[in-house]
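Note sheet for the following structure.
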Amino acid sequence: MSATTFETAAPGRALRIGLWAAQVLLAFVFVSAGLVKLLTPIPQLAAMMPFAGEYSETFVRSVALVDLAGGIGILLPALTRILPRLTVLAALGCSVLQVFAFVFHVSRGEAATTPLNVVLLALSLFVLWGRGRKAPIAPRQF
């Protein structure tokens, strides 16, 4: 094996590992956040997330469902190789969600919470780019 072959093979493997790590991390964060927002009674949730007490329960629960869908979508289609392009769409949705979350928190004077939004946005964009262009997952052949 020549040095050139080794150099070209290593970044591909590292990229795939990085993408899987990002997908698992994003899935964990989004599914966890979604479950907390969906299952926690509003008064308790408002103590953790002040916006939950200031907006309708329908809004809060809808955000929870979006979080859940993003978390499931960013991992499950790629993992099962059933419609893996849905992972790319989920990454796009998670990216858009984080932009809106960033603007929402800044508009409420909650800038201290925005670093998490920036990290999640960066990870979502990484998955969007990686699974969309550099290391797409082939669909399962039935």
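The values are calculated or read from the model by the stated rules, or taken from the named source; none is laboratory data. No experiment lies behind these values; they were computed from the predicted model shown. Counting neighbours? That spans all protein chains shown, and the Cβs are built from the backbone with ideal geometry, glycine included. Ligands, DNA and RNA are excluded from the accessible area calculation, which covers all protein heavy atoms including side chains. Shrake-Rupley method; radii C 1.70, N 1.55, O 1.52, S 1.80 Å.
If the condition is being open to solvent by less than 70 Å² (accessible area, probe 1.4 Å), more than 17 Å from residue 75 (Cβ to Cβ) and β-branched (Val, Ile, Thr), then segment 107-137 contributes 113, 114. Of all residues in segment 25-72, those that are farther than 26 Å from residue 127 by Cα and polar (S, T, N, Q) total 4.
Scanning segment 54-106 for residues being small (Gly, Ala, Ser) and within 17 Å of residue 35 (Cα to Cα) gives a total of 6.
Quick check, is residue 87 hydroxyl-bearing (Ser, Thr, Tyr), assigned to a helix (DSSP H, G or I) and open to solvent by 40 Å² or more (accessible area, probe 1.4 Å)?
Details: hydroxyl-bearing (Ser, Thr, Tyr): yes; assigned to a helix (DSSP H, G or I): yes; open to solvent by 40 Å² or more (accessible area, probe 1.4 Å): no.
When the stated conditions are applied, residue 87 does not pass them.
So for segment 90-101 (the condition being farther than 16 Å from residue 17 by Cα, hydroxyl-bearing (Ser, Thr, Tyr) and at pLDDT below 95), does at least one residue qualify?
From segment 90-101, those farther than 16 Å from residue 17 by Cα are 90-101; that's our starting set.
Filter again for hydroxyl-bearing (Ser, Thr, Tyr), leaving 95.
Next, only the ones that are at pLDDT below 95 stay: none.
Scanning segment 90-101 turns up no residue that is farther than 16 Å from residue 17 by Cα, hydroxyl-bearing (Ser, Thr, Tyr) and at pLDDT below 95.
The combined condition, being open to solvent by less than 40 Å² (accessible area, probe 1.4 Å), in contact (Cβ under 8 Å) with a residue 24 or more places away in the chain and within 24 Å of residue 122 (Cα to Cα), is fulfilled by residue 75.
Among the residues of segment 111-132, which ones are modelled with pLDDT of 95 or more and of a type outside the set (A, V, I, L, M, F, W, C)? Of everything in segment 111-132, those that are modelled with pLDDT of 95 or more and of a type outside the set (A, V, I, L, M, F, W, C) turn out to be 114, 115, 117, 124, 130, 131, 132. For residue 95, state whether it is in contact (Cβ under 8 Å) with a residue 24 or more places away in the chain and in a helix (DSSP H, G or I). Criteria met by residue 95.
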